[in-house]
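The values are calculated or read from the model by the stated rules, or taken from the named source; none is laboratory data. Keep in mind the model is a prediction, meaning the values are calculated, not measured. Backbone-built Cβ (ideal geometry, glycine too); neighbour counts: all protein chains shown. Only protein heavy atoms, including side chains, enter the accessible area calculation; ligands, DNA and RNA are left aside. Shrake-Rupley method; radii C 1.70, N 1.55, O 1.52, S 1.80 Å.
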Amino acid sequence: MSISKILLYYQFAPLSDPRAIMLWQRDLCESLGLKGRILVSEHGINGTVGGDLDACKKYIKKTKQYPAFHSMQFKWSEGSADDFPKLSVKVRDEIVAFGAPGELKVDAEGVIGGGTHLKPEEVNRLVEERGDDVIFFDGRNAMEAEIGKFKNAVVPDVKTTHDFIDELESGKYDWMKDKPVISYCTGGIRCEVLSSLMINRGFEEVYQIDGGIVRYGEAFGNSGLWEGSLYVFDDRMHTEFGSADDPDYVQLGHCVHCGEATNQFYNCANEPECRVQYLSCPECRERNPYCGECAQG
């Protein structure tokens, strides 16, 4: 029986011909039987693909042969091509859609003017040294934080990354501007951009976690500063860094209908009118397959 895996990766680097990269990546994935999502822009590449283990290894080898991607780091996760409906490879203005393509500057070393990178161990050390002055700032959509976040994290009221600039400029977070702020997101890519946007708006001491929540969770499991489950953008919907039966595991999510503990998101059955994902226990999902708002309507 073959072994399957999912790869997560990104690289910020100037690309003179994003369309040529897109065509090459599409042909490469198709030849290896990989499925997933890849975005390419003049700023770099961002992808999540799944498939046979040997195919994933060949994909890494071929992709890193391109000079701009030679130093790209790949993160492995459990899963397969079946976790994705198809292969999608597209050219976009941004590989993370903050709505600020003209503000982002990259060179061969990556994002220019972004936050200081911290390895997972350095995150814990900074918190030990600076205590309550350290602010964890969630760089994801607020929905993702419903099932997992860093302890005492600030979770901005955003539904998409496009909301972040208005949120940062609203004045809500001015009290943080002279404090050490650790921005975090799933694999690190959103914080590459977010940290630079924050610095450009007067935040003085901004950090980001190397490899994001994924790398931190791999290092510390349920025994670190992370609480709960990690939302992922494929059919799994969530993943954990240790057993949910572990005494250190913290259950954050609750069913919108009955309040029971759950970390499982579902798509509202009122599609295509409603595209909300909501938390539900299996029993309530069976009886009432709608989000809280549609259930009341």
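Side notes on the structure shown:
- Single residue of Phe136, Phe150 found to be surrounded by 24 or more Cβ atoms within 10 Å (Cβ to Cβ), among the aromatic types (Phe, Trp, Tyr) and in contact (Cβ under 8 Å) with a residue 24 or more places away in the chain: Phe150
- Residues of region 75-96 that turn out to be surrounded by fewer than 16 Cβ atoms within 10 Å (Cβ to Cβ) and of a type outside the set (D, E, K, R), as a count: 3
- Subset of region 237-283 (residues that are touching a Leu at 6+ places or on another chain (Cβ under 7 Å), more than 15 Å from Gly148 (Cβ to Cβ) and open to solvent by less than 40 Å² (accessible area, probe 1.4 Å)): Cys255
- In region 37-77, the residue that is modelled with the highest pLDDT out of those that are under 22 Å from Val232 (Cα atoms) and of a type in the set (Ser, Thr, Tyr) is Tyr59.
- If you go through region 35-49 and keep only what is open to solvent by less than 10 Å² (accessible area, probe 1.4 Å), touching a helix residue (DSSP H, G or I) at 6+ places or on another chain (Cβ under 7 Å) and over 15 Å from Phe12 (Cα atoms), you end up with just Val49.
- Every residue from region 97-110 that is crowded, with 18+ Cβ neighbours inside 10 Å, under 17 Å from Ile45 (Cβ atoms) and over 17 Å from the mean Cα position of the chain (by Cα): Leu104, Val106
- Of all the listed residues (Arg215, Arg190), the sole one being out of contact with any Phe, Trp or Tyr (no Cβ under 9 Å at 6 or more places or on another chain), in contact (Cβ under 8 Å) with a residue 40 or more places away in the chain and under 30 Å from Ala81 (Cβ atoms) is Arg215.
- Test: residue in region 142-163 that is within 15 Å of the chain's Cα centre (by Cα), of a type in the set (Lys, Arg) and more than 21 Å from Ala97 (Cβ to Cβ): yes
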